[in-house]
Structure formats: structure tokens, C-alpha cells
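Here the structure is laid out as C-alpha cells; the discussion comes afterwards.
Readers should treat all values here as calculations from the given coordinates under stated rules, not as data from a laboratory. Quantities reported herein were computed from a predicted structural model and do not represent experimental measurements. In this analysis, Cβ positions are derived from the backbone assuming ideal geometry, glycine residues included, and neighbour counts consider all displayed protein chains.
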């Protein structure tokens, strides 16, 4: 049994089309493998206690469950300062604890959780900074040209926060 999780408003149809007919589908050639979808955030409990043998999460736990507040003058949380930085860090910490706590409850004894995600470097960089900078510059140009209202730009954020190595368990 393989359960794919994403938010309830995600369109799972392309995933199931690929699984049903894709040449590389893990369902091909094995009638004993079953695919399912769970339409809830992984910051919630998704499975009964002791249900999972293996949990896998790749490049996802940097997304936050909610936007903790505005960012002054930009869309990129790693550049936040002061109270905004603290609010985003607190939300990230709460989400991380919820994610780990829920997976710990769902794993059966001897089960494993595999997590793949990025971290920030010692300056807070993520590797995406230049690309996001280009996007942010284009949005600011849109505001300057009157194609985007300042209030619209002020509400735009990338709802993510990458952790530092020190923020991981066991550090």
C-alpha cells in the first residue's frame, strides 16, 4: 500500500493517470501493490497509531502550514528580520514538532521515517535566493509599471522556511 498525501485541494487525477498508465509506474506488473491518496496536510495525523512501516517525505517540510504574518518589502522569508523573522521561525518550529510528533505516533515499532529536505547555510541562504530575487525584482517592476498594486505585492510571500542544522532534533 502506497499512500500519497497532499492538501485536499490538490488535483490527484494526474497522479492516478500516471500510476495507471505510465511506463515507470510502480503499479505495473504487481497486482499486490495498491495506491491511495490522503487529502490532508502532513502537519495533521494521517494514519492510525502504529500503522506505518515506512514514511517518506521529500523536499516538503520547509512548506509551512500557514503564513504567520507579513514580510516587509519582499516575498522571501529567509530575508525576514526582527519580529517577522521570529514569527516565521516560531511557525516553522511548531510545524516541525507537529510533523515529527504525528509521524512518531503513526510509525509501528521498528518503522522508519525518511526525510529529504534542504537546510539554510550559515548566512541563511537556501540555494534558491538568486531565483527568488529575480522573481521579486519582476514583481517590483510590475508595481512600478502599475500592473500590480502595492497592496497585492505586500500580501505575496513564499510560505516556506528552511531550518538550520542546529534546529534539527539531536543537535
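How big is region 2-89 on each of its three principal axes, counting only the C-alpha atoms and giving the largest first in Å?
Reported extents, whole Å, longest axis first: 55, 31, 19.
If one computes the Cα centroid of region 13-47 and of region 81-140, what distance in Å separates the two points?
Measuring centre to centre over Cα atoms gives 25 Å.
FRET efficiency for residue 40 and residue 18, Cβ-Cβ distance as r, R0 = 22 Å, nearest 0.05?
About 0.55, to the nearest 0.05.
Taking the Cα atoms only, what angle lies between the long axis of helix 82-106 and the longest principal axis of the chain, rounded to 10 degrees?
Taking Cα atoms only, the helix is inclined about 0 degrees.
So how tilted is helix 129-144 from the main axis of the chain? Cα-based, degrees 0 to 90, rounded to 10.
50
I want the antiparallel fraction of DSSP beta bridges within region 41-167, as a percent rounded to 5.
Counting only bridges with both partners in region 41-167, antiparallel ones make up about 10 percent.
Can you tell me the Rg and the Dmax, both Å, for the Cα atoms in the chain?
19.2, 59
Between residue 83 and residue 4, what length comes free when the chain is fully extended (0.36 nm per residue of separation minus the Cα-Cα distance, one decimal in nm)?
Result for the pair: 24.9 nm of gain on full extension.
Over the chain, what relative contact order in percent results from Cα pairs under 8 Å that are six or more residues apart?
Relative contact order comes out at 27 percent.
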